[in-house]
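The values are calculated or read from the model by the stated rules, or taken from the named source; none is laboratory data. From a predicted model like this one, the values you see are computed outputs, not experimental measurements. With ideal geometry, Cβ positions are generated from the backbone for all residues, glycine too; neighbour counts draw on all protein chains shown. Only protein heavy atoms, including side chains, enter the accessible area calculation; ligands, DNA and RNA are left aside. Shrake-Rupley method; radii C 1.70, N 1.55, O 1.52, S 1.80 Å.
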Amino acid sequence: MGDVNCILRLDEKKGGLEPRTSTINEFSDWLDDNNLFEADSLGTKFTWTNRQSSTNRIISKLDCAVTNAAWLAKFENWRCKAHPREVSDHYTFLGYPFSVLRPKRSPFHVQNMWFLHADFLRMVAESWNMPAYGSLDFIFPYKLKSLKGVIKDWNLMVFGNFHSRLKQDQLRFQSAALRSYENPSDITNLNIMKDAMAKLSETRLQHNTMLKQKARNQWLVEGSSSYSFFHNNIRIRKSANTISELVCGDGNTISDYDQIRDHVV
């Protein structure tokens, strides 16, 4: 964390000569080659100034914090903030973790992996066709609310804990493969191994679909399955979407989680 004397994007400098794209690309490639990520930051966007005025003024984001996967795993909610400069031509950079309580009622999100399951549309149709009485303005939201409850129960029963299911399917396949290798002529063991392999592939596909949706990387080629890449992007998005500070109407800054919640309410 500190002065890297380089920018990552063209809009991170104003005034002076145009930034060289070759330098930007070199810095970006260095981050990618070393599996580093730019940490989310608060405060001013531009962290350096040449202390000039008018047309001679140059401002730029020359300071940043970079992290790796191990840091993201240990400090999932961590970011830095640029505080106003006093003496130096650089702003003061401060990094800190913050804790976020899990909501008592998690919001309902449609998962793309549901559409891969053969029983999903039947379940939806069966719930939607249940009789409901009243005006159309009442029936439609009533059916939506009922369907949400049915889907949540179905998701828990069919998918459950993904990490646990994936581990169980892996162990089941390894055990079936071991029995089949010990007796290659046994057709029954061979078929059991094939079924276990198909089940494991299905679970992996569903898990991969869920990770892609959470990571929100639309440019990623379909079929690639870098779990660490997805998990790191999920952590970055989660941290960036979390409100760690809030400036009130009177100009005071709130950083306590409970105070932020009460103020928003």
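Residues in segment 1-28 that are open to solvent by less than 50 Å² (accessible area, probe 1.4 Å) and closer than 26 Å to SER255 by Cβ: GLY2, GLU12. If only residues of segment 163-195 that are under 25 Å from HIS207 (Cβ atoms) and small (Gly, Ala, Ser) are counted, the one that is modelled with the lowest pLDDT is SER164. The set of residues in segment 33-59 that are touching a residue at least 24 places away in the same chain (Cβ under 8 Å), out of contact with any helix residue (DSSP H, G or I) (no Cβ under 8 Å at 6 or more places or on another chain) and on the phi > 0 side of the Ramachandran plot comprises GLY43, ARG51. Residue selection: ARG122 satisfies the criterion of being open to solvent by 50 Å² or more (accessible area, probe 1.4 Å) and not in a loop (DSSP other than H, G, I, E, B). Filtered by the rule that a residue be of a type outside the set (A, V, I, L, M, F, W, C) and within 24 Å of the chain's Cα centre (by Cα), segment 118-171 gives LYS148, LYS152, ASN155, GLY160, ASN161, HIS163, SER164, ARG165, LYS167.
Residues are listed down the side, and each one gets a yes or a no for (1) touching a Phe, Trp or Tyr at 6+ places or on another chain (Cβ under 8 Å); (2) more than 30 Å from CYS6 (Cα to Cα); (3) among the β-branched types (Val, Ile, Thr):
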| residue | (1), (2), (3) |
| --- | --- |
| ARG51 | no, no, no |
| ARG57 | no, no, no |
| GLU86 | no, no, no |
| ASP89 | yes, no, no |
| LEU147 | yes, yes, no |
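Checking the stated criteria, ARG79 turns out not to satisfy the condition of being of a type in the set (Lys, Arg) and either more than 26 Å from THR242 (Cα to Cα) or more than 29 Å from the chain's Cα centre (by Cα) (or both). Of all residues in segment 29-77 being surrounded by 12 or more Cβ atoms within 10 Å (Cβ to Cβ) and acidic (Asp, Glu), which is nearest to HIS90 (Cα to Cα)? Applying the filter and picking the extreme gives ASP63. Screening ARG85 with (1) open to solvent by 70 Å² or more (accessible area, probe 1.4 Å); (2) under 30 Å from ARG204 (Cβ atoms); (3) in contact (Cβ under 8 Å) with a residue 24 or more places away in the chain gives one miss only, at (2).
Residues in segment 240-265 that are of a type outside the set (D, E, K, R) and part of a helix (DSSP H, G or I) were compared, and the one that is least open to solvent (accessible area, probe 1.4 Å) is ILE260.
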